[in-house]
1. If you keep only loop residues by DSSP, which GluC sites (Glu not before Pro) in segment 497-526 have at most 13 other Cβ atoms within 10 Å of their Cβ?
2. When the dipole is taken about the Cα centre of the chain, and only Lys, Arg (+1) and Asp, Glu (-1) are charged at their Cβ, what size is it in debye, to the nearest 20?
3. Pull up all non-local amide H partners of GLY420: gap of 5 or more, or a different chain, and H-to-H distance under 5 Å with H placed in the peptide plane.
4. Using packing as a proxy for protection, rank 209-216, 606-613, 529-536, 290-297 so that the peptide with the highest average count of other Cβ atoms within 10 Å comes first.
5. With contacts defined as alpha carbon pairs under 8 Å and 6 or more residues apart, what's the relative contact order of segment 114-171 in percent?
6. So for the chain, taking the charge dipole from beta-carbon charges (+1 Lys/Arg, -1 Asp/Glu), which of ALA512, LEU55, MET375 sits furthest toward the positive end?
7. For segment 450-591, compute Rh as the Kirkwood radius over C-alpha pairs and then the Stokes-Einstein diffusion coefficient at 4 °C and 1.567 mPa s; write the answer in µm²/s, rounded to an integer.
8. Which order do the peptides 194-204, 475-485 take when ranked by the mean count of other beta-carbon atoms within 10 Å per residue, highest first?
Amino acid sequence: MSNTNALLKSGALKFSDGVCLERAEQKELPVEEYLRALLARAPQLHSKVKHLRKLVAQAARFEPEMQAMSDPALASSLHGTCAEMRRAGFTDPLVAQAFAAIREASVRTLGLRHYDVQLLGGWALLHGMIAEMETGEGKTLVATLAACTAASSGATVHIVTVNDYLAQRDAETNEPLYRFFGLSKGAIAQGMTPHERQQQYACDVVYVSNKEIVFDYLKDHLATEGALDAHYRLRSLYRPERPPSLLLRGLHVAIVDEADSILVDEARTPLIISETLPDPHGEDWYQRAIGYAGKLSRGEHFDISAHREIWITPKGEQFISELAAGESGIWSSALWRQELLEKALSALWCFQRDQHYIVEEGKVQIVDEFTGRVMPDRTWEQGLHQMIESKEGCEITGQRKTLARMTYQRFFRRYLLLGGMTGTASEIAPELRRVYDLEVMRIPTHRLSRRKHQNHSCLPTSTGRWSAIAERIAELQSQGRPVLVGTRSVEASEQLSSHLAGRGIEHTVLNARQDKQEAEIVAQAGQPGRITVATNMAGRGTDIKLAQAVCECGGLHVILTEFHESKRVDRQLFGRCARQGEPGSVEAIASLEDDLFHRYAPTLLRLAKALTAKRGTVPRWLLSLLVVYSQSMAERRNARQRTATLKQDRKLQSLLAFSGKRR
C-alpha cells in the first residue's frame with residue numbers, strides 16, 4: 001500500500017475526487033500565473049546552494065557510520081529514517097541522513113558515489129524544484145536519491161524520460177540500488193500489454209516515457225468513464241461484473257528527466273486518444289484532392305506563410321472552380337473545395353518525407369521533431385494524415401474520432417510532488433514558474449568544464465555546407481578523434497551520409513530508421529576515429545564513453561549542422577562532449593538555406609546573402625545576429641502556441657465535460 005504522509009507533511013495539498021490519488025486542479029486567475037513568472041525573473045536575494053552546504057556537511061558526518069554498517073543494517077537505516085519522514089516530512093536533517101545511506105548503498109551496488117553537488121540536486125527534486133545541472137553531471141544518479149527516499153517513505157515514484165530507450169537503460173542500470181533497499185523497479189515500454197503495464201506500474205519506482213504515462217492515464221480515465229472515487233467504489237460493490245483494473249496507482253511523485261523538453265518543448269500539442277472510424281469518402285476523395293492541388297502554382301494560385309500556413313488566392317479559387325466544373329457532391333461546394341485543397345496543399349508542400357515522417361512497411365509514420373524517433377500509431381488530425389497517405393501512395397486509414405485528450409501542462413500539475421532535472425532551464429524559468437509553479441535551482445558543476453567552443457561558420461548553400469563538414473570530418477578523423485554530427489532530420493542525416501560515402505569516409509548513421517541499434521551505436525561513438533551522424537536521437541540523455549586514447553588527443557568533437565528553433569536543443573547536443581572534466585570541442589557549420597533563417601529572419605537573411613555574394617562567406621557577427629534573432633522569434637512564437645494550447649484545453653475542459661472535468 002502507498003503511504004504519502006511524507007508528501008502531505010511537506011505542504012498543503014488539495015486532492016481530486018477521482019479514482020486515483022492526485023492533486024486537484026485549481027482554478028487560477030491569469031494574473032496569478034504572470035505574477036509567478038515575474039517572481040521567477042526577479043534576482044534571488046540569497047543562494048539556496050550556500051544554505052544547503054549544511055545538508056552536505058551533515059551527510060558527510062553520517063558517512064563513517066554508514067560505511068561501518070552491514071548491508072541489512074544500512075537498508076534498515078534508510079527505512080527508519082523514512083518512517084520518521086512520514087511524521088515530520090522531508091526536513092533537512094532527515095534528508096541528509098537518508099542521502100548518506102543511499103550514497104553508501106550506491107557505492108556497494110553500483111560502484112558510484114554521489115558527489116556533494118549531486119546531493120544538492122536530490123534535495124531540489126524532493127522539494128518540488130527543477131535542478132539545472134550541466135550535461136554530464138550524472139542526473140541519472142541524482143534521481144536515485146529522491147526516488148529511494150520518496151519510495152521508502154511510501155510514495156509511488158515515476159521517473160519520466162524522453163523515450164523508451166532511456167527508460168529501459170536507466171531502470172536496468174539502477175536496479176541493484178533499488179533492490180538493496182527492498183524497492184521494486186518497473187519500466188514501461190511501447191508494445192506492452194495492459195496486464196504487463198499494470199505489473200510494472202505496481203512497482204515502487206517506475207521508469208516511463210512522457211507519452212506512455214499520459215496515454216496510460218487517459219486509458220484509465222476512459223476505463224472508469226470519469227467516475228468519482230465514491231462512484232467507482234460503489235460500482236465495484238454492486239455490479240456483478242468486475243470493475244476495470246487501473247494501470248496507475250496514483251500520481252504521487254514525478255521526477256522528470258530532461259524537464260525542459262517534456263514540460264515545455266513538447267507541450268505545444270495535446271496528447272489524444274482516438275478511435276478509427278470507417279471513412280465514408282474512400283481513397284478517391286483524397287486522391288482527387290491531391291491531384292487538383294498538384295496543378296496549382298505557388299505564388300499564383302496559393303501562398304505559404306513563413307509558419308507553413310496556406311491560403312488560396314482569388315485567382316486560385318477561380319482556377320479550382322474551373323477544375324471542379326461538372327463535379328457533384330462536396331466538390332460543388334466552394335467552402336468544402338477550399339478546405340480540402342488547403343489540406344492537400346499542406347500535405348504536398350509543408351510536410352516532407354524523411355523530415356516530418358517516414359514511410360515504413362507501406363505506412364506513414366510520424367517522426368518526433370524533438371527526439372528524432374518514430375511515433376507509431378500517432379496520426380495527424382482532420383484528414384491531414386489521410387492526405388499524406390494518398391500523396392505517398394499508401395493505404396488510406398480511417399478518420400479518427402477523439403475519445404480523450406490531455407496536455408502535459410494539466411497532467412503534470414496533478415502530481416502531489418513534481419520535480420525535474422535538465423541542463424538547460426534558465427531561459428524558460430519564468431514559464432516553468434508560471435505554468436507549473438516550479439522554481440529552477442542552479443546546481444554547480446563537480447569539475448570545471450574543458451569544452452572548447454570553436455568559431456561557427458555558415459555557407460551560402462546546403463551543398464557547400466555538406467562538403468565543408470565532410471572535409472572537417474576527414475581532418476579530425478586523421479587525428480584519431482571521434483566525431484558526432486547532429487542533424488535536424490532523417491533526410492539531412494542521409495544527405496551527409498551520401499557525401500561521406502562519396503569520399504570513402506567510414507561512418508555510422510543513427511536516425512529513426514536505425515533506432516533499434518541505438519545502444520550499440522552510442523556505445524561505439526567514443527572510439528578513436530569513429531564518425532557518428534545522428535538526428536536528435538543522440539541529443540539528450542546519451543552518455544558517450546571515451547576511450548583513453550581519445551582523451552589524450554582532444555576528446556569527442558561535436559558538429560552542429562543546423563541551428564534549432566531553441567538554443568537549448570543546440571546546447572544539449574554540444575553537451576554530448578567534454579563531460580565530467582573530459583576534453584572535447586564543438587562547432588557549428590550551417591547554411592543560409594536553413595529553414596530557421598527563412599521562417600524567422602527573412603530580412604536579415606537577405607542582408608546576409610548580399611554580403612556573402614561580395615565576400616564569399618557570412619561575417620561571424622552577422623551569423624551570430626541571425627541565429628540569436630531567429631531563435632528568439634521562434635521561441636516567442638512557440639511560447640504563444642503553448643499558451644494557446646493550455647487555454648484551449650481549459651476551455652474544452654469546462655465546456656465539453658470530457659475526461660478530467662471533475663478532477
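The numbers here are math on the coordinates, done by the rules we state, and not lab data. Just so you know, these numbers come straight off a predicted model, no measurement behind them. Positions of Cβ are backbone-derived with ideal geometry, glycine not excepted, and every protein chain shown enters the neighbour counts.
1. Values: sites: GLU506, GLU518, GLU520; in loops: GLU506.
For GluC sites (Glu not before Pro) across segment 497-526 that sit outside H, G, I, E and B with at most 13 neighbouring Cβ atoms in 10 Å, the list reads GLU506.
2. Working: 85 positive and 79 negative charges, 395 e Å.
Roughly 1900 debye, rounded to the nearest 20.
3. MET129, ILE130, ALA131, VAL256
4. Details: 209-216: 21.9, 606-613: 13.8, 529-536: 23.5, 290-297: 16.2.
Per-residue mean Cβ counts within 10 Å order the peptides as 529-536, 209-216, 290-297, 606-613.
5. Values: 35 pairs, mean separation 17.0, N = 58.
Normalised by residue count, the contact order of segment 114-171 is 29 percent.
6. Farthest towards the positive end: LEU55.
7. Details: Rh = 14.7 Å.
So the translational diffusion coefficient is about 88 µm²/s.
8. On the way: 194-204: 16.6, 475-485: 19.7.
The densest-packed peptide leads the list: 475-485, 194-204.
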